[in-house]
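Colleague: Dropping the structure in here first, questions after.
FYI, it's all coordinate maths here, none of it is from the lab. Treat the numbers as computed from the prediction; the structure is a model and nothing was measured. Positions of Cβ are backbone-derived with ideal geometry, glycine not excepted, and every protein chain shown enters the neighbour counts.
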């Protein structure tokens, strides 16, 4: 499988890392974005991996879901994050596209739950609000702010990667906030709780 890694910062071996690591996922059926950050201190974040998985070359939808699960499982085994944050699907008018996107998100969540991670879902507006201060910020503005926050020299080639990084940083910010229980995203500790809130994802 081909995927892109951008601006990766070389880190210590996984067994030597003590701080919290968060994996952010931007689910998609053509391109899936991912990011793994490490929280060194409240204001010191380290990027471990950032990139996208290209899925459009797989014609069968179920093959795409398999690749999503395999890639996320690989990332979880490699980086051993403590938390997973995922961007909620943007609901449009195309019902079939939304159904497929919901399945992709469900597979990503299942991969996290399989290894015992708590999974938190954030709406796109919430991510932008947390990072830029405006829920209507553009993707370019979000990318620019993330570059400054993590002291990166180069923006990702795909906004899908930026979105994944954004949801990971958003989760970090919510964990730091005393209001995160009131203003955070939807949390899922097991598959049953996810399906309870999302019965349509089974269709």
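Colleague: Residue 122 versus (1) within 22 Å of residue 142 (Cα to Cα); (2) touching a residue at least 60 places away in the same chain (Cβ under 8 Å); (3) in contact with a helix residue (DSSP H, G or I) (Cβ under 8 Å, 6 or more places away or on another chain); (4) surrounded by fewer than 21 Cβ atoms within 10 Å (Cβ to Cβ): which is the lone unmet condition?
Modeller: (4)
Colleague: Within the range 40-66, which residues are surrounded by 15 or more Cβ atoms within 10 Å (Cβ to Cβ) and within 20 Å of residue 156 (Cβ to Cβ)?
Modeller: 45, 46, 47, 48, 49, 50, 51, 52, 53, 54, 55
Colleague: Restricting to the range 144-165, name every residue that is crowded, with 20+ Cβ neighbours inside 10 Å and part of a helix (DSSP H, G or I).
Modeller: Matches in the range 144-165: 146, 160, 161, 162, 163, 164, 165.
Colleague: Now, a different point. Since residue 108 meets every condition but one in (1) in a helix (DSSP H, G or I); (2) closer than 23 Å to residue 157 by Cα; (3) within 13 Å of the chain's Cα centre (by Cα); (4) without any contact (Cβ under 8 Å) to a residue 60 or more places away in the chain, which condition does it not meet?
Modeller: So the condition that residue 108 fails would be (4).
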